[in-house]
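Read-outs throughout are calculated quantities, based only on the coordinates presented, and are distinct from any laboratory measurement. Computed from a predicted structure; not experimentally measured. Cβ placement follows ideal geometry from the backbone for every residue including glycine, while neighbour counts extend to all protein chains displayed.
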Amino acid sequence: MSRSGNRRTRTADNTGLIPILARKVREVEAAAQRGKVAPANRTKFLVVALLMREERASIKTDAALSDAERAEQLKRLDGIASILARTAARDTSLIALLENDATSLSPAAKKLRREYLEDAGYDVPDDEPDVIAPTATVVPPELAERQVVPTSVKSRQLANPFMAPDLTPAKPHGAGRLSNWELLGPLYRAFEYGAGGRAASMELPEAPTIDRLSPPGHELMVHQSRFLQSVQAGHRTFLLADEPGLGKTAQSLLAASVADAYPLLAVVPNVVKMNWAREVEIWTPHRRATVVHGDGENLDAFADVVVVNYEVLDRHLSWLGTMGFRGMVVDEAHFIKNMSSLRSRNVLALADRIRHTAPGGNPLMMALTGTPLINDVDDFRAIWQFLGWIDGTKPTPVLMERLEEVGLTPADTGFFAEAREAVIDMGIVRRRKIDVAADLPSKRIVDLPVELDDDLGRSIRDAERELQARLVTRYRRLVAARAASRGDEVDDLPDDDLMRLVARQELEDTQATEQGLNVFTMVRQIGTAKAGLAADYAAQLARSVGKVVFFAKHIAVMDAAEELFAKRELKTVSIRGDQSATLRQREIDAFNNDPDVSVAVCSLTAAGVGLNLQSASNVVLAELSWTAAEQTQAIDRVHRIGQEEPVTAWRIIAAQTIDTRIAELIDSKQGLAARALDGSDAEVGSTDSVQLDALVSLLRSALED
């Protein structure tokens, strides 16, 4: 971003840019002294810091200034820098803004920068757009060479080469009272100032008496049914901002079923893409899902739901833009808040194409996020553009029509509150756990399968196959020896008793040597491989709903998690086995009482009993326990008397590994306690250890292949 060399002469009086920056930075400092800095003042802080650096560089190279004048001007800028530093020390979230440059400014910040420069007498050219708009084509030129077209996609194109044209006529929109007003700024301020105590959630229809949408064996909660009734009534754009744990994925998949929005595109974070495929099987079992991995070698282009993660999206833009999607979901939509990032531009370009080419028109567009706002109300911009409510610089006709119906302009009293309601009615849905507590069980466990598709993941799968081969070799020796002793022929059918004998021998050998490849080292490797994904999900939860308890078994996993949390600027406490009682209690008190502490990183064995961490209602189990009781004890650090919210435990499971089987075995062990102590008729599984059953499962799988 540039400014003209035409400017007023710098003087030591109160004209020019420096006095303006001084006044503005003092306003921000005063706000910081009163408490947390509001979004508008954060923007002001950012612009002052940027212009101060620009002015310093300009003064140093200005040949028209004498040495004395230059020294005086730089001294005044140093004063502004000191105020910036003091303010950032009061509110540490401002520190990151000191590093921003003009290329990363939001439209609101660009507008404020222009205002300050013009007030100082600078000529600011109109040579740059306020917003970096999505490219006209889905594939930006810089990504053209990276595009891949999986074989399955080519087969689909050959099978169905024609796309139904969208003949829906464009709705005429005449000029109204608001046509000459700049509206995006007032709309953002409407959410900052115009709440009036009302939650930002549209009115939803009442839930039907009978649940006719969920598949057998599953049941919708009331808040989910009400959302789906809105889809049933014809609403097609939603910012679904429910807190984590309220079933946003299930709601969006059933919404696609209700709206017949197939094929459906889901753009999601890597950590949850396997879970999306599993949720499709659970909630819409009559539909097929396909997950895009890498270059899409195993893609099923004829599937109803295509799941792709942000990290590989750039390789698949060309064919995704031709699939004729009738719906699109963006999960964790705050990932696209930075309008200048390539990730955001890719998502917005795809969304724009889907809106304009969806067969029949009116596609289902859903943005899912528990944290639509992170730093500034301007974070709404990308999400609203994805949903088609704005086009980057102004409201689109459908939102403009709602604003015209309000009958007010931004200059009128009451506009902010009414404009806020108009935007909310476009499709903002926000429920908190505490709001729908009656719908939820007091405690539940949610499994999140993740794919280990890196080198470590591949080595784990190789190690699992090696362990299986060793078990098979032992088993076949036993079978052959038994057949020889009886004089019988070798029986190829798996024998449960022999498989258990092989598993016991393996465990005994493992405990004797404690070295080499075994089930324990495999589980440790899986935990290490999952660490980053588990910590990433915990960080998302912390940003969405507040405090989170993160459990792991191994020190390496805890260390990796704490490193990631530090990079995300999340304050943590650590509860480990080598701490003194005093230090441990200090960490517990900090977690429960300090609002700035976001995550408690806990050892599953050292922190699983005797602790009270009920200031959180979300638990992340990064590694699985070997016993159901240990898992229960960990969750019950949060699920305790005095807990006012339903508790959700998120188990991170490595898909296509022994981790999946261990999770199933742990759940089966719960049946014994439920049957013996709680009067439940739950089925009781094997009474063997989880380690033994896991080895038997590996062996059985190898023999049946």
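Ordered by the number of other Cβ atoms lying within 10 Å of each residue's own Cβ, fewest first, M558, M522, M366 fall into the sequence M522, M558, M366. Here the Karplus relation 6.51 cos²θ - 1.76 cosθ + 1.60, evaluated at θ = phi - 60°, turns the backbone of the stretch 342-355 into coupling constants of 5, 4, 5, 5, 5, 5, 5, 5, 5, 4, 4, 5, 5, 4 Hz, with x for every Gly and Pro.
With neighbours defined as other Cβ atoms within 10 Å of a residue's Cβ, the residues S58, S603, S442 order from fewest to most as S442, S58, S603. By other beta-carbon atoms within 10 Å, ranking W276, W181 with the fewest at the front produces W181, W276.
Between G327 and L265, L364, the built amide H atoms are under 5 Å apart, and every one of these is 5 or more places off in sequence or on another chain. Relative to the dominant Cα principal axis of the chain, helix 273-283 is inclined by about 70°. Qualifying chymotrypsin sites (Phe, Trp or Tyr not before Pro) in the stretch 279-325, where qualification requires a DSSP coil assignment and no more than 15 other C-beta atoms within 10 Å, comprise F302. The stretch between N593 and E664 holds 21.9 nm of extra length on full extension. This uses 0.36 nm per residue minus the Cα-Cα distance. Here K24 is the anchor, and the lysines within straight C-alpha reach of less than 25 Å, apart from those fewer than 8 places off in the same chain, are K36, K44, K60, K75, K110, K111. If you plug the beta carbon distance of V472 and D578 into 1/(1 + (r/R0)^6) with R0 = 30 Å, you get a FRET efficiency near 0.15. Approximating the spin labels as points 7 Å out from Cα along Cα→Cβ, the D509-to-D492 distance works out to 2.6 nm. Across the stretch 541-557, computed HN-Hα scalar couplings (Karplus, 6.51 cos²θ - 1.76 cosθ + 1.60, θ = phi - 60°) run 4, 4, 5, 7, 10, x, 5, 9, 9, 10, 9, 9, 8, 10, 4, 4, 5 Hz from first to last residue, x flagging Gly and Pro. Take the Cα of D435, step 7 Å toward its Cβ, do the same at R700, and the gap between the two points is 4.5 nm. Between amide H atoms placed 1.01 Å from N, distances below 5 Å from D300 occur with V291, all of them 5 or more places distant or on a separate chain. Among the GluC sites (Glu not before Pro) within the stretch 565-646, those in coil by DSSP and having at most 16 neighbouring Cβ atoms inside 10 Å are E569, E644.
On the beta carbon distance between T605 and R86, with R0 = 35 Å, the FRET formula returns roughly 0.20.
Excluding same-chain neighbours fewer than eight residues apart, the lysines reachable from K248 by a Cα-Cα span under 25 Å are K273, K337, K433, K443, K530, K547. For P(r) over Cα pairs in 20 Å bins from 0, in percent, the value calculated from this model appears in (1) 16, 47, 31, 6, 0; (2) 15, 43, 32, 9, 2, 0; (3) 14, 43, 35, 8, 0 under label (2).
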